Each structure stands twice: as C-alpha cells, then as structure tokens.
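Below: one structure, written as structure tokens.
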Number of protein chains: 2
Amino acid sequence: MTNQVITKVVHAIQDDYADDFAWCYGCGRLNEEGYHFRTGWDGEKTVTYFNPSSKHAAIPGFVYGGAIASFVDCHGTGSAALALHRKNGFEPGSGEEPPRFVTGSLNVNFLKPTPQETTLKAVGQVEEIHPKKWKVSVEVFAGDTLCATGEVIAVVMPKTFTNK
Amino acid sequence: MTNQVITKVVHAIQDDYADDFAWCYGCGRLNEEGYHFRTGWDGEKTVTYFNPSSKHAAIPGFVYGGAIASFVDCHGTGSAALALHRKNGFEPGSGEEPPRFVTGSLNVNFLKPTPQETTLKAVGQVEEIHPKKWKVSVEVFAGDTLCATGEVIAVVMPKTFTNK
C-alpha cells in the first residue's frame, strides 16, 4: 500500500463545456496558452490542481497573486457548474453539456507566500444562494499549508454574453 | 486641438523596481511572458492601462475575469508603491528605488462583460491605513463604461519573501 498523492482530476467539468465555452484563459481546454485549470468532485467538495510554471512568479520562488486569483476564479465557476450539473442529475463525463457560469465577484485573502515548486490544490465548498447564483468558498493549499482563502459568487452565464 | 486619448503611462513605478523584484507575471518588466502592467500617477489618482490579447478571453470577445483580477492586483500594489514613494519624497523616474508591496487581499466585483477589443483603464485611489498597509480602491473602465470595481489591501513586502 502506498501513500501516493493524487494530483489529477479524472472527470473535470471543463472537459464537457461546449466548444464555444472552452476558450477561457483560465480553464479553457481549447486555449493553447492558458492555465488549463480542471475542476472535479472530491466527495462533497470540489478540487482543482495547479502546477505553476516559472513564469507565474511574483518574485522568483513565489507564485503571482494574480495567478492564484485566476486559480480561485476558475475553481469557483467550475465548482458552481459541477454543483448545478449534479442538481440537474448529471456528473462530468456523463455526456450532458454542463451549465456555464461567469464570476460575479471574486475575493482572495493571501495568508502566506505561496511556493512555486509545489502542486497547489484548491478545495471548494459550494452553496446555492439563488437558482442562478452560487457561492463557492475556496481554500488554496501548498502541501499541507493553507496559503490563501477565497470566495467566488458565480452566476449562470447571461445570454448577453453569447447573443445566442 | 485634438481629443487624443492618452493610453500610456510615461513614468511607471514598475520601471524603477530593483531587478530582483521585476519578474512579476503581472507587472514585471523582465518577465517576457507576463502582462507588463505599468502604473503611474494621474493627478492624485493612479492609472494602469491594459490591452487584452485574444488569448485573455473568458469566451471569445470578452476578457477573462482572472486577467481583470490580475490587472486590479498589480494596479493595487503599484499604486501603493507610488503613494509610499511619494510620501518618502520621490516620484517614479527620480532614480530612487521604490518600495515593493505584496497583496494582502484582493476583491473584484464584475459589473459588466468586459470587451476584449478596447484598451482597459484601471483608476486607483490610495489610502494609508497603516504605515505598512495601504488600501487601493480600483475602477476598471472600457472606454466610458465601468466594467469592474475592486479593492486591494497592499502590504509592504515582508523580508521573508526575499531572505535578504
């Protein structure tokens, strides 16, 4: 028996976004230059991993706060999409197109300098506060160290975004 | 007489950061792959401009929230550095090395979808709330449209960041 640390999401909600919605710089699988955040369930919580590259520095050795904010942002919208998708009876990988959320507000508290050489883990707790508005509380860990906390209010993407 | 719109900061605080502190993915002049945000005075307010590239999308045509959060983040720390530098008797371009701040907390409220083809302007109002802690209130405009508001608590970079 090993204590292997899992740092990969198998079924991510972003894998199932329609192609039109898969270009996000944070979590779009079709955006070649983006972060490629992928968010899935871990029991009743949600999880996203992030391996910062050397370019994502604040100063060398520590992760840029804007990159952590981006991580929290997409973890938030992805978590809300997971939760509404589950409420609708679906899981990522089931073949159904999930709902797509945008960020209403984003809050990040930076508690400790975040090291660059470690896989970061965002853990989310989702709460429905309105049928179209979901609150996601986020903790960002580097190993066992809580480096940042955050909160995202995610809103079902309005039709004005797509004009469809 | 023309109504030319100025969208460039001549003397940015980031131009004067020491080389060791010029690698930030948001505002580091030495980070080749970063956003290269540059923050300067505009009267008693501070200003940063951002021309999003096509990769910085949420969905095509609209700017990614994490990129706007990054914009607000570096505008906040840059504005705080400008203000403390001025308090110390210096202006960017004077040849003195400015103080360097880190982000304590970051808050962004997304009011409207932010178009990608427009130069964005962040306007900041800085307030000293402690000799080492400054609050920056931020408004992000696309043309005349207020697309986002934010608040950054910026903290003078602790020595634990550099071990110097």
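Only residues that are on the phi > 0 side of the Ramachandran plot and not in a loop (DSSP other than H, G, I, E, B) were counted in segment A:42-56, giving 0. For segment A:78-108, the set of residues classified as surrounded by 23 or more Cβ atoms within 10 Å (Cβ to Cβ) and closer than 17 Å to A:Ile68 by Cα consists of A:Gly78, A:Ser79, A:Thr103, A:Leu106, A:Val108, listed by residue number. Taking the criterion of being free of Cβ contacts under 8 Å to residues at least 24 places away in the same chain, open to solvent by 60 Å² or more (accessible area, probe 1.4 Å) and out of contact with any Lys or Arg (no Cβ under 9 Å at 6 or more places or on another chain), the residues of segment A:132-159 that qualify are A:Asp144, A:Lys159.
On the given criteria, is A:Ile59 at pLDDT below 95 and either assigned to a helix (DSSP H, G or I) or open to solvent by less than 20 Å² (accessible area, probe 1.4 Å) (or both)? For A:Ile59, the condition - at pLDDT below 95 and either assigned to a helix (DSSP H, G or I) or open to solvent by less than 20 Å² (accessible area, probe 1.4 Å) (or both) - is met.
Restricting attention to segment B:62-77, the residues being outside any helix (DSSP H, G or I) and surrounded by 24 or more Cβ atoms within 10 Å (Cβ to Cβ) number 2. Among the residues here, A:Gly76 qualifies as in contact with a Phe, Trp or Tyr (Cβ under 9 Å, 6 or more places away or on another chain) and either of a type in the set (D, E, K, R) or within 16 Å of A:Lys45 (Cβ to Cβ) (or both). Here the condition is being at pLDDT below 95 and open to solvent by 10 Å² or more (accessible area, probe 1.4 Å); of A:Asp16, A:Asp20, A:Asp42, it holds for A:Asp20 alone.
Just one of the numbered conditions (1) within 9 Å of chain A (Cβ to nearest Cβ); (2) touching a strand residue (DSSP E or B) at 6+ places or on another chain (Cβ under 8 Å); (3) of a type in the set (Gly, Ala, Ser) is not true of B:Ser70: (2).
The values are calculated or read from the model by the stated rules, or taken from the named source; none is laboratory data. Please read these numbers as outputs of a predicted model, since none were measured by experiment. Every residue, glycine as well, gets a Cβ built from its backbone with ideal geometry; the counts of neighbours run over all protein chains shown. These area figures cover heavy atoms from the full protein model, side chains too; ligands, DNA and RNA do not enter into them. Shrake-Rupley method; radii C 1.70, N 1.55, O 1.52, S 1.80 Å.
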